[in-house]
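A.B. asks: Okay, handing you the structure first.
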Amino acid sequence: MQKVPMTATGLQRLEDELRRLKSEERPAIIRAIAEAREHGDLSENAEYHAARERQSFVEGRVLELEEIISTAEVIDPSTLSGDQVKFGARVKLVDEETDKEASYQIVGVHEADIKQGLLSVSSPLAKSLIGKSIGDTVSVPAPGGDRTYEILSVIYA
């Protein structure tokens, strides 16, 4: 089984979601199914079918989370250092075309959230950044043509 890199924060977030699904969602769904059964004929009972569909989704997500958590390899970025980009680094970039600055932390696939600045290690941008240093320029393929970025800083915290 291949280990998947992940930060401790990302793993904690997934464990919290798993705990919530098991302790809150499952019991609520069981109550909803029991309540819907009391209404009689199940073949035409929309509440029953909706609850069963929700149960199917939750059980699938529980299995998925258990698999992800079991294969997680936690990497603590604060133990890393240097000016070279590695997993866990917080990288500040500037788009050379627009001069717009952006900051991303390179994280595991299952914890990525671009709106929060968490960039998946498997994304094209992260792949082009890995191994580069402060001052290096990287070219990243994008739908509107290649984008060029300069690395301004690399921080491990």
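No lab work stands behind these numbers, since they all come straight from the coordinates. Owing to the predicted nature of the structure, the values given are computational and were not obtained by experimental measurement. Cβ sites come from the backbone with ideal geometry, for glycine too, and all protein chains shown count toward neighbours.
A.B. asks: Cα to Cα, under 25 Å, and not fewer than 8 places away if on the same chain: which lysines meet these conditions relative to LYS22?
C.D. replies: Qualifying lysines at Cα under 25 Å: LYS3.
A.B. asks: Under the rule of -39500 (n - 2.57) per DSSP H run of 4 or more residues, summed and divided by the residues of the chain, what mean residue ellipticity at 222 nm is obtained, to the nearest 500 deg cm²/dmol?
C.D. replies: -11500 deg cm²/dmol
A.B. asks: Taking amide hydrogens as modeled 1.01 Å from N in the peptide plane, which residues meet the under 5 Å criterion relative to ARG147, leaving out close sequence neighbours?
C.D. replies: Excluding prolines and chain starts, which carry no amide H, the hits are VAL140, ALA142.
A.B. asks: OK, next. Using 0.36 nm per residue of separation minus the Cα-Cα distance, give me the extension gain between SER123 and GLU44 in nm, one decimal.
C.D. replies: 23.9 nm
A.B. asks: What does the charge count around LEU80 come to, taking other residues whose C-beta lies under 13 Å from its C-beta (Lys +1, Arg +1, Asp -1, Glu -1)?
C.D. replies: Local net charge: 0.
A.B. asks: Hey, can you grab everything whose amide H is under 5 Å from the amide H of GLN105? Only 5+ residues off in sequence or another chain; H modelled, so Pro and N-termini drop out.
C.D. replies: When sequence neighbours closer than 5 places are left aside, the close amide H contacts are VAL91, LEU118, LEU119.
A.B. asks: Next question. Give me the lysines in straight-line cross-link reach of LYS132: C-alpha distance below 19 Å, same-chain residues under 8 apart excluded.
C.D. replies: LYS86, LYS92
A.B. asks: A follow-up question, please. GLU24 to ILE69: extension gain in nm, 0.36 nm per residue of separation minus the Cα-Cα distance?
C.D. replies: Length gained between GLU24 and ILE69: 14.3 nm.
A.B. asks: Another one. Rounded to whole Hz and in sequence order, give me ³J(HN,Hα) for the stretch 102-110 from the Karplus expression 6.51 cos²θ - 1.76 cosθ + 1.60, θ = phi - 60°, writing x for Gly and Pro.
C.D. replies: Result, rounded to whole Hz: 8, 10, 9, 9, 7, 10, x, 4, 7.
A.B. asks: Follow-up question, since we're still on this one. Quick one: what are the phi-derived ³J(HN,Hα) couplings along the stretch 139-156, Karplus 6.51/-1.76/1.60 with θ = phi - 60°, whole Hz, x for glycine and proline?
C.D. replies: 10, 10, x, 9, x, x, x, 4, 10, 10, 10, 10, 7, 8, 7, 9, 10, 10
A.B. asks: Here's another thing I want to ask about it. Find the Cα radius of gyration of the chain, compare it with 2.2 N^0.38 Å by division, and give the number to two decimals.
C.D. replies: 1.44
A.B. asks: Can you give the FRET efficiency to the nearest 0.05 for LYS3 and VAL58, using r as the Cβ-Cβ distance and R₀ = 25 Å?
C.D. replies: Rounded to the nearest 0.05, the efficiency is 0.40.
A.B. asks: Using a cut-off of 15 Å between beta-carbons, work out the net charge of the residues near ALA89 (Lys and Arg +1, Asp and Glu -1, ALA89 not included).
C.D. replies: Its environment carries a net charge of +1.
A.B. asks: Further question: What is the set of long-range amide H partners of VAL4 at a cut-off below 5 Å, with H atoms built 1.01 Å from backbone N?
C.D. replies: Amide H neighbours of VAL4, under 5 Å, 5+ apart: ALA72, GLU73.
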